[in-house]
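In what follows, a structure is listed as C-alpha cells, so that the remarks can point back to it.
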Amino acid sequence: MKRIISLLLIVVCSSAFSQQTTYQKKIRELKIDYWIKIGLTKSFAEKLVDNKLTSKETQELKKIDKAIFISQNSPTGLELTKKLNLDLKDAEKLKTTAEINIENSENFKNTDMYFLKNQISNKIQSWLKKGEFEKTDDYNLRINSKSLDSIFKKSALTNIEYLTRIYDGGHSGTEIKLGKYNADKELFEAYLKSEKFNITGNIKVPFDEAQKFKIDYNDYRPKLDLIDLKIWKNNLVPTKLKIYNKQNENSKEYTAIFDFNQTELKDIILTQNDTFYSNYNLNFDLVREESENKIMAARASNAPIQAEFPNGIQAFRHKVSNNLDTSNVDAEGEVSATISFIVEIDGTLSNISVKGNNNSFNKAAAEAVKQIKTKWIPAKENQKDIRSQFSVVLNANF
C-alpha cells in the first residue's frame with residue numbers, strides 16, 4: 001500500500017470539481033485517464049483523483065495494490081507514467097496568473113531556502129533577546145563578546161547539514177537507484193530520487209569492475225561533501241555524491257554525477273537583497289569556501305565577498321581548458337601555472353598574468369583566458385561591487 005499512498009499525493013485533486021479552473025479540470029482529466037489505463041474502473045479512478053474514496057473503497061484498493069504495482073512497472077505502465085508527466089507539464093500553460101502566484105507562494109514554503117531563512121532568523125532573534133534573569137551588563141557583555149556573524153555561521157552550517165542528511169549515509173527519504181550499464185562508455189545509469197525531485201545521472205565504473213559493483217550495489221551508500229551542493233528551485237541538491245561500500249571500509253569509492261540543468265543551478269549564495277531579519281535590519285550571504293571544503297556564512301554589510309565565475313571556479317577552469325591551444329607548447333609530463341588577474345567592477349578581466357614552470361604553456365594559458373567572453377561576478381565589500389585580485393591554478397599533462 002505504501003506505493004499507492006505516495007501516488008495519491010501526486011494524483012489527488014482536493015478542490016471541488018465545480019470550482020475548478022481550466023487548468024485544474026485538465027489535470028483532473030489527465031489523471032483519471034491515467035488510472036483507467038492502469039486498470040481502475042472509471043468510477044474508482046474519479047473518486048481516487050477527487051479524494052473521495054470511502055473507507056471500504058480504500059480497503060478494496062489495498063487488495064489490488066500488487067496488481068496495480070505490476071501494471072505501473074510494466075513497459076506499458078512506465079510509458080503511461082512518462083506520458084502523464086509530460087502531459088501535466090504541458091498543461092501548465094493553462095494556468096492563470098493568479099494560480100501561478102499562489103502556487104509559487106505555497107511552493108516556496110516547502111523549500112529548503114524557506115526552512116533555512118526561518119531557522120536562522122529564529123536563532124538570531126532568540127540570541128538578540130535579553131534573558132529574563134540576565135542583568136543588563138551581562139547582556140551587553142554577551143552581545144559584544146560573540147559576534148552576530150559567528151551565530152549566523154554556526155546556525156547556517158548546522159541547518160544546511162541537517163537538510164542534507166538525507167544524502168549522507170543513505171538515510172530514508174532518498175535513494176540512488178542503479179540502472180543499466182553502458183559497456184562502451186563504462187557508465188551505469190543512476191537515478192536520484194527524493195521527496196522533492198527525481199533526477200538522472202551516471203556512475204563511472206571501469207569495465208572489469210562493473211559486474212561486481214552491480215552485484216554488491218545493495219551494500220553501497222552515498223556520502224556527501226558540502227562543497228558539491230547547489231541550489232536548484234530553492235532546494236539544496238548535490239551535483240555529485242560519492243558511493244562507498246558500508247560493508248568494506250577499504251573498498252574503492254565511486255562517484256555519481258547528476259544531470260541537473262546547469263542554467264538552473266545556483267551557488268549557495270543569498271544575495272544582499274534577500275533580507276532575513278527585517279526587524280533588525282540585518283542582511284547576510286551564504287558563501288562557499290572551497291579551500292575549507294565547506295559552506296560558511298558571511299555578513300554582507302561588512303564582510304568582503306570574493307569575485308566568482310558563473311557556475312563556479314570549475315566552470316572557469318573548463319573554459320580555459322577548452323580554449324587552450326597546445327600546438328606550440330613544448331612540454332613533457334605535468335606542467336602547472338598560476339593564472340592571476342583583476343576582476344573589474346563590470347566583471348571583465350584585466351592585468352592577466354601567468355607564472356609557471358613552462359613558458360610556452362604560460363603563454364597558451366594567458367591566451368586561453370583572454371578568449372573567455374563570460375563576465376565574472378565582481379567582489380563585494382560593504383555591499384558594493386569592487387575591483388579585486390584573483391588567482392587560479394591550472395595543471396596539465398603532456
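The values are calculated or read from the model by the stated rules, or taken from the named source; none is laboratory data. Given the structure is predicted, the values throughout are model-derived calculations rather than measurements. Glycine also receives a Cβ, built like all others from the backbone with ideal geometry; neighbour counts cover every protein chain displayed.
For the reader, a short list of remarks on this structure follows.
- Pair list, Cβ < 6 Å and 6+ apart or interchain, from region 311-334 residues that are on the phi < 0 side of the Ramachandran plot to residues that are at pLDDT below 80: A331/F398; E332/F398; E334/N397
- Counting the residues of region 82-95 that are surrounded by fewer than 16 Cβ atoms within 10 Å (Cβ to Cβ), closer than 12 Å to Y34 by Cα and either touching a Phe, Trp or Tyr at 6+ places or on another chain (Cβ under 9 Å) or not assigned by TED's automatic domain parsing to the domain that holds D33 (or both) gives 1.
- Residue count, region 184-199 (criterion: in contact with a strand residue (DSSP E or B) (Cβ under 6 Å, 6 or more places away or on another chain) and either of a type in the set (S, T, Y) or surrounded by fewer than 16 Cβ atoms within 10 Å (Cβ to Cβ) (or both)): 4
- Exclusive hit being surrounded by fewer than 17 Cβ atoms within 10 Å (Cβ to Cβ), modelled with pLDDT under 80 and not in a helix (DSSP H, G or I), set E175, E161, E134: E175
- Residue match in region 26-45 (condition: part of a helix (DSSP H, G or I), in contact with a Ser or Thr (Cβ under 8 Å, 6 or more places away or on another chain), at pLDDT below 90 and farther than 26 Å from T96 by Cβ): yes
Yes/no matrix, rows are residues, columns are (1) part of a helix (DSSP H, G or I); (2) touching a helix residue (DSSP H, G or I) at 6+ places or on another chain (Cβ under 6 Å):
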| site | (1), (2) |
| --- | --- |
| L53 | no, yes |
| K83 | yes, no |
| D87 | yes, yes |
| D90 | yes, no |
| K93 | yes, no |
| M113 | yes, no |
| K130 | no, yes |
| L141 | yes, no |
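- Candidates are the residues of region 343-359 that are modelled with pLDDT of 90 or more and surrounded by 15 or more Cβ atoms within 10 Å (Cβ to Cβ); the one that is nearest to A396 (Cα to Cα) is V354.
- Selected residue (criterion: surrounded by the most Cβ atoms within 10 Å (Cβ to Cβ)) from residues of region 210-251 that are part of a strand (DSSP E or B) and charged (D, E, K, R): K230
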